[in-house]
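The values are calculated or read from the model by the stated rules, or taken from the named source; none is laboratory data. No experiment lies behind these values; they were computed from the predicted model shown. Cβ coordinates were reconstructed from backbone atoms using ideal geometry, including for glycine residues, and neighbour counts include every protein chain displayed.
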């Protein structure tokens with residue numbers, strides 16, 4: 001719990017923005033409240049897990065990944081908003097890709113990419129739950145949910161590295177050819 005005392009501003013900002021979004025969405029449709037809590041809970045859990053592991057770099061990577069996912073979702077939503085892919089089954093706009101699924105996937109992908117499948121598998125099960133709720137309440141089609149998964153997963157691939165990563169890279173110089181091995185601890 002000591003990590004909470006050192007990072008109150010980023011934690012409060014994340015919680016306030018994500019919970020505000022969840023509260024607004026939940027007020028509109030009460031049946032979706034559990035999925036909205038899961039949507040914001042997975043990235044927040046990733047932040048807490050990184051803090052519990054004293055992984056400051058992991059917390060920064062999560063924030064960068066989530067922020068980039070939000071931007072990528074916004075750009076994709078603008079691009080598709082006035083096409084047939086932008087129409088929701090219930091008649092609204094901004095269907096493709098699903099922002100709810102993109103956000104929960106960014107948290108799940110962070111957990112999997114940074115800490116392994118023991119963290120990622122349960123988080124991805126929650127991604128499936130959120131996607132199923134969004135489709136069955138008429139907000140999205142499955143293609144929209146898959147688009148959200150691609151956005152969240154893709155941003156994680158750009159910004160998140162494994163905590164204990166081993167890198168092997170070819171090295172070619174003027175007088176030699178070889179490999180460089182590096183391990184982060």
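Please indicate, with yes or no, whether at least one residue in region 138-145 is assigned to a helix (DSSP H, G or I) and either buried (at least 23 other Cβ atoms within 10 Å of the Cβ) or at pLDDT 90 or above (or both). Please lay out each step first, then the result.
First, the residues of region 138-145 that are assigned to a helix (DSSP H, G or I): 142-145.
Cutting the leftovers down to either buried (at least 23 other Cβ atoms within 10 Å of the Cβ) or at pLDDT 90 or above (or both) gives us 144-145.
Within region 138-145, one or more residues are assigned to a helix (DSSP H, G or I) and either buried (at least 23 other Cβ atoms within 10 Å of the Cβ) or at pLDDT 90 or above (or both).
Answer yes or no: is there a residue in region 96-109 that is more than 30 Å from residue 52 (Cβ to Cβ) and either buried (at least 17 other Cβ atoms within 10 Å of the Cβ) or in contact with a strand residue (DSSP E or B) (Cβ under 8 Å, 6 or more places away or on another chain) (or both).
First, the residues of region 96-109 that are more than 30 Å from residue 52 (Cβ to Cβ): 96-97.
The next check asks that each one be either buried (at least 17 other Cβ atoms within 10 Å of the Cβ) or in contact with a strand residue (DSSP E or B) (Cβ under 8 Å, 6 or more places away or on another chain) (or both); those that pass are 96-97.
Yes, region 96-109 contains at least one residue that is more than 30 Å from residue 52 (Cβ to Cβ) and either buried (at least 17 other Cβ atoms within 10 Å of the Cβ) or in contact with a strand residue (DSSP E or B) (Cβ under 8 Å, 6 or more places away or on another chain) (or both).
Filter region 146-165 down to residues that are surrounded by fewer than 14 Cβ atoms within 10 Å (Cβ to Cβ) and under 17 Å from residue 72 (Cβ atoms) and give me whichever is modelled with the lowest pLDDT.
For region 146-165, the residue satisfying everything is 158.
What's the number of the condition residue 118 fails, among (1) within 21 Å of residue 51 (Cα to Cα); (2) assigned to a helix (DSSP H, G or I); (3) in contact (Cβ under 8 Å) with a residue 40 or more places away in the chain?
(3)
Keeping to region 33-42, report how many residues are closer than 16 Å to residue 128 by Cβ and in contact with a helix residue (DSSP H, G or I) (Cβ under 7 Å, 6 or more places away or on another chain). Break it down stepwise before answering.
The initial filter retains those residues of region 33-42 that are closer than 16 Å to residue 128 by Cβ, namely 34-39, 41-42.
So of that shortlist, the ones also in contact with a helix residue (DSSP H, G or I) (Cβ under 7 Å, 6 or more places away or on another chain) come out as 35-39, 42.
The number of residues fulfilling the criteria is 6.
Return a yes/no flag: does region 84-103 have any residue that is under 16 Å from residue 47 (Cα atoms) and at pLDDT 85 or above. Explain how you work it out, then say what you get.
To start, the set of residues in region 84-103 that are under 16 Å from residue 47 (Cα atoms) comprises 103.
Now drop any that are not at pLDDT 85 or above, which leaves 103.
Among the residues of region 84-103, at least one is under 16 Å from residue 47 (Cα atoms) and at pLDDT 85 or above, which makes the answer yes.
Would you check if residue 106 is under 26 Å from residue 143 (Cα atoms), assigned to a helix (DSSP H, G or I), under 20 Å from the mean Cα position of the chain (by Cα) and at pLDDT 85 or above? First the steps, then the outcome.
Details: under 26 Å from residue 143 (Cα atoms): yes; assigned to a helix (DSSP H, G or I): yes; under 20 Å from the mean Cα position of the chain (by Cα): yes; at pLDDT 85 or above: yes.
The answer is yes for residue 106.
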